[in-house]
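Undergrad: Here it is, the structure, as structure tokens.
The values are calculated or read from the model by the stated rules, or taken from the named source; none is laboratory data. These numbers were taken from a predicted model, which means no experiment stands behind them. Cβ coordinates were reconstructed from backbone atoms using ideal geometry, including for glycine residues, and neighbour counts include every protein chain displayed.
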Amino acid sequence: MKKTIFASVLTVSALAFAGCGSEDTANTAGEDGTFEPSKGIEMVAPAGSGGGWDTTAREVARVFGETGIIDENMTVINREGGGGAIGWAYVHAKEGDAHSMFVASPPLMFVPLNGQSEHGHEDFTPLANMIADYGAFAVREDSEFEDLNDLFDQMKDDPESITVIGTSAPGSMDHMQFVRIAKAAGVDPTKIKYVSDQEGGALTAVLNGSVDVFSTGVGETIEQVRAGNIKVLGVTAEERMEGEVLSEFPTAIEQGIDESFVNWRGFFGPPGMDEAAVDYYEAKFQELSESEEFAEVREKYGWNEMYMGSEEYSEFLEGEKEEIAALLEEIGLGQ
Amino acid sequence: MLASINRKLGLLIFIVAAVYLYLSFQLPNYEYAPIDADVIPKGLGILLLVLSVFLFFSRVVETDAEKAKRNIPKKELGVIAAVFAMIFVYILLFEAIGFIITTALFIFFCSWFLGYRAWKTNILVSLLFPIVMYAIFVFALGIVLPRGILPF
Amino acid sequence: MDAFQGLLTGFQVALSLEGIMFVLIGVIVGTLIGMMPGLGPISAIAIMIPITYGMDPAPALVMMAGVYYGAVFGGSTSSILLNAPGISGTVATAFDGYPMAQQGKAGKALAIAAISSFIGGTVSVVLLMLLAPALSSVAISFGPPAYFALMFMGLTAISSLSEGSTIKAMIAAVAGFMVVTIGIDPQTGTQRFTFGNVNLFDGFDFLIIALGLFAVAEVCMLILNRKNRSLSDDQKLGSLKLSKADLKEMSGPVSRQSFVGFLLGVLPGAGATIASFISYIFEKRIAKNPEEFGKGSIKGLAAPESSNNAATSGAFVPLLSLGIPGSGTTAVMLGAFLVLGVQPGPLLMTDRPEIFWGIIASMYLGNVFLLILNLPLIPYLAKILSIPRPLLISLVIMFSLIGVYSISFNVFDLYMLLVFGALGFAMRIFSFPAPPFILAFILGGMMEQAFRQSMTISNGSLSIFVDTPLPLSLLLVALISLLVPAFLKWRSNRLAYKQR
């Protein structure tokens, strides 16, 4: 019932969008089958200014411009709302437009899987993945837990005694990355106590002992670890990361838990983007990823390089989505 | 008769509360929280229901000032409705036609409609305000406003 | 000793030619962006980040800090003149600032706001300087139960925010609380009252409600009185004259609320908006003549203005000393630090003392600049009010629409602005007060989340709220503040009865 209303609202809005946005969907492929942008490119950040998506979009647009990898002007526009759903609907309506793209990360899977967006990654044209980030599970410095297995053993014995906190809602990233690792370690995923704090109080709640575990991104923990406030029990990367503090973080895999989670970040075009255009952007993103200027950007924000071309990206996303969907199903949050 | 306005309002709020409460009872169940998403809304719904009953039976007499506030000539309400309609049309056309044109038209016609007859100043302000705003937002601050049918 | 040494280093940074220049640029840009519709500190900082690329971190961050508090400073202008708060931290400013401007005292109102902001800002920098390291433990002492208690305490003040019918105030508050339940519930991911509409998933932005209930509703009142042009006395409007009595009247609230604002700013999640409301209520509660509040009271204007600026510096405590961004704004600020290769946190003070103390020292300077720059501008700003009514009405409508659009870039939100404008107008006609609605909207949402977080942590046991001293004492204060006025009323009724 809810779904039908949702669908009809979206259809109506999609139609409305299509009505006004159809001015330039003409095929811009050249005669020899190659593509060159013929006007400014619109880069959509499906969030407000200042967040992770916005930063990535603006940095990419800036470096593209400064290095001259893409000559045409790239404008970042923000379409905030619905955890990304509004921005996705906006791009989705630009079917076939080769001058439009948006930045995405795992919420592009979590949000539709939670039934909160009609559009998922499979509704768009993957161009390239650029960056990888990983999750970290941290506890207070004076916590009795020394590694992930200590924590998970306690959770197996007395699940009510452990509370996990994260920034996203249940069923989204901070929650599911923890569930994924914990389940692989043999914890009953339906017994995990998770609270969400979207007002910036999550780290505080860990530091003052209100909750036990902080599920977050690796980058959020570094400074607190250096200051000796918290310790990271494990990260979700496949292998040890590089970097001053990062290299001290043990992975879950090292601790005998055969599971990992990547917080990927890449770019997608509207559905039905011309193949010549996909090839063009794919190559440009690769050039960007390999450039010195972008390496500096990665360094600055502590991002890891993870370039994937369109096809590889697609396959990777399919595999991820299956796994997440199964997990959500198991804890009863799937739609 | 004096209390009749409170009665009408009480009844209206009662209906709003009832609808809200009904919707709260439709909220799906989530297993993992001791206090689910429907608890607070149900509490609020009931509270509003009770308050609306209080309002309905309240014997507080309206002060003259309150009464005067309520006493708006029909014609003036029509003017407000017309301004709202203009805003509505503005929003409707805003993204398609673009910020500068719709804003210029809105300021000119809205001011005219409300009785501003200095048409030269009006035209000047109607043009300058959107152009300056657009320039500040788009060129100085990098915040994109709808361009619409204009080329820049 | 260390702190003193550090501060000296800081002043060296701030008082260098470069330092002075960037503080100046920061506060000017901040004030101007803050005056723009819908653009507050968040957008101001985000906009300025690309400009700092490649700059030396110390002057760049001094500038960014200036942008931040400059934007809070500039945000009050439209609240006072147009009843159209440009940012959420200045909604409470409109409660008394706008009535004052309507009484032909716009210049005075702006001057009071500027001076209160200046004092709030300066006092809190002193506190920041002296207490930043010590206060970092306060910043993290609030867990979910304590936040619940704090928000609850704030909500008990609703009765004091209203005049006339208590029932109507309660109804307005419950309605505000109901509106904030719309959207995806963070604790469960359940969609509440969204009807499957994507645009409602995130709920309503605070500014849509504030601009609707205040600015658009006010536009309706202006339309009704559009032929009334008694306000066009230019000389009077721009006059900054503050009498000794005025200064004396504002001294109490300003000195108290600078501290209150600072402390609330220190708490992650509370911030300038909540600080300004709590300060307003605080002053109204202890005032000898609370009935003047909402009608152009100097105290009612000075309290939120000193508080929101003090909270801005307060927010630097967890950011600088812990690396914890306590609000959306400081999260973007954290981003600005990272871009420049500076990691705020417990080690900043020892690793990069010139930055830590440079920012603090520059804030003294910045606040002085803000005052000096803003006072001469006031007569010109106040002239806005002498724009002929019909034109002014159109411009205020535009201001509100651009404001809402530049938050989300979503046309749906513009329609919602219209809806809340109509609601605000109806509330005025039928004498339902708007402040309780707004207060419940801000505090209610956070209170619900904190309550349910606590209950999940405690596995459903209410004892979590009384087991530790902090939430317990806050709840006791709330209880006292509810019971004492009721008791006093009862006693005075009884006395009146006896005398009869």
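Undergrad: Name the residue that is farthest from C:S431 (Cα to Cα), counting only residues in the range B:61-81 that are in a helix (DSSP H, G or I) and of a type in the set (V, I, T). Write out each step before concluding.
TA: First, pick out the residues of the range B:61-81 that are in a helix (DSSP H, G or I): B:64-70, B:74-81.
The next check asks that each one be of a type in the set (V, I, T); those that pass are B:79-80.
Details: B:V79: 21, B:I80: 18 Å.
This residue is B:V79.
Undergrad: State all residues of the range B:1-60 that are under 30 Å from C:I457 (Cβ atoms), part of a helix (DSSP H, G or I) and polar (S, T, N, Q); if no residue qualifies, say none. Break it down stepwise before answering.
TA: Filtering the range B:1-60 for residues under 30 Å from C:I457 (Cβ atoms) gives B:20-21, B:23-48.
Those still in the list that are part of a helix (DSSP H, G or I) too: B:20-21, B:23-25, B:39-48.
Selection gives B:S24 alone.
Undergrad: Within the range C:253-263, identify whether any single residue is modelled with pLDDT under 90 and assigned to a helix (DSSP H, G or I), and answer yes or no.
TA: Narrowing the range C:253-263 to residues modelled with pLDDT under 90: none.
Scanning the range C:253-263, I find no residue that is modelled with pLDDT under 90 and assigned to a helix (DSSP H, G or I), so the answer is no.
Undergrad: Regarding the range C:279-294, can at least one residue be identified that is outside any loop (DSSP other than H, G, I, E, B), out of contact with any Gly (no Cβ under 9 Å at 6 or more places or on another chain), among the basic types (K, R) and farther than 27 Å from C:M129 by Cα?
TA: yes
Undergrad: Kindly indicate which of C:L222, C:L207 is buried (at least 24 other Cβ atoms within 10 Å of the Cβ), in contact (Cβ under 8 Å) with a residue 24 or more places away in the chain and not hydroxyl-bearing (S, T, Y).
TA: On the way: C:L222 fails: buried (at least 24 other Cβ atoms within 10 Å of the Cβ).
Just a single option satisfies the conditions, and that option is C:L207.
Undergrad: Moving on to the next point. Based on this model, can you work out whether B:T102 counts as within 22 Å of C:E218 (Cα to Cα) and either at the interface with chain C (Cβ under 10 Å from one of its Cβ atoms) or not basic (K, R) (or both)?
TA: Details: within 22 Å of C:E218 (Cα to Cα): no; either at the interface with chain C (Cβ under 10 Å from one of its Cβ atoms) or not basic (K, R) (or both): yes.
Judged against the criteria, B:T102 is not a match.
Undergrad: I would also like to ask the following. Looking at the range A:259-312, which of its residues are free of Cβ contacts under 8 Å to residues at least 12 places away in the same chain and touching a helix residue (DSSP H, G or I) at 6+ places or on another chain (Cβ under 8 Å)?
TA: A:K300
Undergrad: Which of the residues spanning the range A:311-328 are surrounded by fewer than 18 Cβ atoms within 10 Å (Cβ to Cβ) and either of a type in the set (S, T, Y) or not assigned by TED's automatic domain parsing to the domain that holds A:G115 (or both)?
TA: A:S314, the sole residue that qualifies.
Undergrad: Name every residue in the range A:296-334 that is away from chain B (no Cβ under 14 Å), more than 17 Å from A:P107 (Cβ to Cβ), outside any strand (DSSP E or B) and small (G, A, S), in order of residue number.
TA: Across the range A:296-334, the qualifying residues are A:G302, A:S310, A:S314, A:G319, A:A326.
Undergrad: Taking helices (runs of 4 or more DSSP H) that do not extend beyond the range C:310-372, which have at least 3 residues that are under 24 Å from the mean Cα position of the chain (by Cα) and within 12 Å of chain A (Cβ to nearest Cβ)? Show your work before the answer.
TA: On the way: elements: C:316-322, C:328-339, C:348-351.
Output list reads C:316-322, C:328-339.
Undergrad: Just to check your reading of the model, which residue among B:L55, B:L49 is hydrophobic (A, V, I, L, M, F, W, C) and facing another protein chain (nearest Cβ under 7 Å)? Before the answer, list the steps.
TA: On the way: B:L49 fails: facing another protein chain (nearest Cβ under 7 Å).
Of the residues listed, the single one that is hydrophobic (A, V, I, L, M, F, W, C) and facing another protein chain (nearest Cβ under 7 Å) is B:L55.
Undergrad: For residues in the range C:381-400 being closer than 14 Å to C:A101 by Cα and not charged (D, E, K, R), which is surrounded by the fewest Cβ atoms within 10 Å (Cβ to Cβ)? Can you show your working first?
TA: Residues of the range C:381-400 that are closer than 14 Å to C:A101 by Cα, as a first pass: C:381-387.
Retained after the next criterion (residues that are not charged (D, E, K, R)): C:381-382, C:384-387.
Details: C:L381: 19, C:A382: 27, C:I384: 17, C:L385: 22, C:S386: 15, C:I387: 19.
Here the answer is C:S386.
Undergrad: Could I ask something else about it? State all residues of the range C:280-330 that are among the polar types (S, T, N, Q) and touching a helix residue (DSSP H, G or I) at 6+ places or on another chain (Cβ under 8 Å); if no residue qualifies, say none.
TA: Of all residues in the range C:280-330, those among the polar types (S, T, N, Q) come to C:289, C:297, C:306-309, C:312-313, C:321, C:327, C:329-330.
If the condition is that a residue be among the polar types (S, T, N, Q) and touching a helix residue (DSSP H, G or I) at 6+ places or on another chain (Cβ under 8 Å), then C:S297, C:S306, C:S307, C:N308, C:N309, C:T312, C:S313, C:S321, C:S327, C:T329, C:T330 are the ones that fit.
Undergrad: Quick test for you: out of B:I87, B:I80, B:I35, pick the one residue that is under 30 Å from C:S461 (Cα atoms), surrounded by 16 or more Cβ atoms within 10 Å (Cβ to Cβ) and at the interface with chain C (Cβ under 10 Å from one of its Cβ atoms).
TA: On the way: B:I87 fails: under 30 Å from C:S461 (Cα atoms); B:I80 fails: under 30 Å from C:S461 (Cα atoms).
Matching residue, one of B:I87, B:I80, B:I35: B:I35.
Undergrad: What are the pairs with Cβ atoms under 8 angstrom where one residue, in the range A:141-165, is within 18 Å of C:T456 (Cα to Cα) and the other, located anywhere, is among the basic types (K, R) and crowded, with 21+ Cβ neighbours inside 10 Å? Sequence gap at least six, or different chains.
TA: These pairs meet every condition: A:P159/A:K193; A:E160/A:K193; A:I162/A:K193; A:T163/A:K193; A:V164/A:K193.
Undergrad: Ok, one more. Can you pull out every residue in the range C:280-332 that is acidic (D, E) and surrounded by fewer than 24 Cβ atoms within 10 Å (Cβ to Cβ)? I'd like the intermediate steps shown before the answer.
TA: Filtering the range C:280-332 for residues acidic (D, E) gives C:283, C:291-292, C:305.
Across the range C:280-332, the qualifying residues are C:E291, C:E292.
Undergrad: Please give the number of the condition C:F432 fails out of (1) under 25 Å from the mean Cα position of the chain (by Cα); (2) assigned to a helix (DSSP H, G or I).
TA: Every listed condition holds for C:F432 apart from (2).
Each row is one residue, and each column tells you yes or no for (1) crowded, with 17+ Cβ neighbours inside 10 Å; (2) closer than 28 Å to A:T67 by Cα; (3) within 11 Å of chain C (Cβ to nearest Cβ); (4) in contact with a strand residue (DSSP E or B) (Cβ under 8 Å, 6 or more places away or on another chain).
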{"position": "A:A185", "(1), (2), (3), (4)": "yes, no, no, no"}
{"position": "A:K193", "(1), (2), (3), (4)": "yes, no, yes, yes"}
{"position": "A:L207", "(1), (2), (3), (4)": "yes, no, yes, yes"}
{"position": "A:V213", "(1), (2), (3), (4)": "yes, no, no, yes"}
{"position": "A:R240", "(1), (2), (3), (4)": "no, no, no, yes"}
{"position": "A:W264", "(1), (2), (3), (4)": "yes, yes, no, yes"}
{"position": "A:F268", "(1), (2), (3), (4)": "yes, yes, no, yes"}
{"position": "A:D274", "(1), (2), (3), (4)": "yes, yes, no, yes"}
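Undergrad: Going through C:M63, C:M48, C:M21 one at a time, which residue ends up being within 14 Å of chain A (Cβ to nearest Cβ) and closer than 24 Å to C:F337 by Cβ? So that I can check it myself, show each step before the final result.
TA: Working: C:M63 fails: within 14 Å of chain A (Cβ to nearest Cβ); C:M21 fails: within 14 Å of chain A (Cβ to nearest Cβ).
Going through C:M63, C:M48, C:M21 in turn, the sole match is C:M48.
Undergrad: Taking only the range B:133-150 into account, find how many residues are part of a loop (DSSP other than H, G, I, E, B) and without any contact (Cβ under 8 Å) to a residue 40 or more places away in the chain. Working first, answer last.
TA: Of the range B:133-150, the ones part of a loop (DSSP other than H, G, I, E, B) are B:141-150.
Narrowing the set further to residues that are without any contact (Cβ under 8 Å) to a residue 40 or more places away in the chain leaves B:141-144.
The qualifying residues number 4.
Undergrad: If the requirement is being among the hydroxyl-bearing types (S, T, Y) and either over 17 Å from C:G366 (Cα atoms) or within 27 Å of the chain's Cα centre (by Cα) (or both), which of these qualifies: C:S16, C:S43? Lay out the reasoning, then the answer.
TA: On the way: C:S16 fails: either over 17 Å from C:G366 (Cα atoms) or within 27 Å of the chain's Cα centre (by Cα) (or both).
Within the list C:S16, C:S43, the selection yields C:S43.
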